[in-house]
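J.: Before anything else, here's the structure in question.
We did not get these values from a lab; they are worked out from the coordinates using the rules stated. Remember, predicted model here, so these are calculated numbers, not experimental data. Cβ placement follows ideal geometry from the backbone for every residue including glycine, while neighbour counts extend to all protein chains displayed.
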Amino acid sequence: MNFNDYIRNIPDFPKEGILFKDITPLLKDKKAFKSAIDAMAKPYQDMEIDYVVGIEARGFIIGTPMAYALDKGFIPVRKPGKLPHDKLTANYDLEYGSNELEIHKDAIDKGDKILLVDDLLATGGTTKASVDLIEELGGDIVGIAFLLELMDLNGREKIEGYDIFTLLQH
């Protein structure tokens, strides 16, 4: 299956000069979505993983079915003000601005094996902030998986040294 057939380009979104990669056509097609999740989970089938961590918001869409496919629990990394319990916060820069991410302080125990999942690797800022949160809690990141990587933005540079899987590269 050619997953690229299900990725739509939206120019000048969310602001002028940004070419947004819209994954909603892939999510809408049940065969493409299932095949994409299966393909992303496959490299991790035999790995020791305790939890899948997904980054808000589309990382939830990809991460939760991966957690299900791998028979693991799911931990959300959220935008500010969304988590009700004690939390850690990390700041990060985006391709088009800056933001913060949060995780519950009791979400990960020291030594937990973590697979970090998001839909897109762009500049790497969101992923790096999530890595920092996970490692501050003592988690051991065994892999980072993305549906799509924007190669021109060099996001891998911010997360060098980790096992990175991307289903699609643009």
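J.: Just order 150-159, 82-91 by mean Cβ neighbour count inside 10 Å, highest at the front, would you?
T.: Highest to lowest by the protection proxy: 150-159, 82-91.
J.: Normalising by the residue count of the chain, find the relative contact order in percent from Cα pairs under 8 Å and 6+ residues apart.
T.: Here the relative contact order equals 18 percent.
J.: Would you please classify the overall shape of the chain from the alpha carbon gyration tensor, given that a ≥ b ≥ c denote the square roots of the eigenvalues, rounded means a/c under 1.5, and beyond that prolate means a/b larger than b/c while oblate covers the rest?
T.: oblate
J.: For Leu148, list long-range residues whose amide hydrogen, built 1.01 Å from N in the peptide plane, is under 5 Å from its own amide hydrogen.
T.: Answer set, sorted by chain and number: Leu120, Leu121, Leu167, Leu168.
J.: Quick one: which of 21-30, 116-125, 69-78, 55-64 comes out on top by average Cβ neighbours within 10 Å, and what's the full order, highest first?
T.: Packing order, densest peptide first, comes out as 116-125, 55-64, 69-78, 21-30.
J.: I'd like the distance between the alpha-carbon centres of region 24-46 and region 55-132, rounded to an integer number of Å.
T.: If we compute the Cα centre of each part, the gap is 19 Å.
J.: Of the options Tyr51, Pro65, Ser98, report the single residue whose Cα projects farthest towards the positive end of the charge dipole of the chain (beta-carbon charges: Lys, Arg +1; Asp, Glu -1).
T.: Working it through, the farthest residue towards the positive pole turns out to be Pro65.
J.: Report, in debye and to the nearest 20, how large the dipole of the chain comes out about its Cα centre when Lys and Arg carry +1 and Asp and Glu carry -1 on their Cβ.
T.: 600 debye
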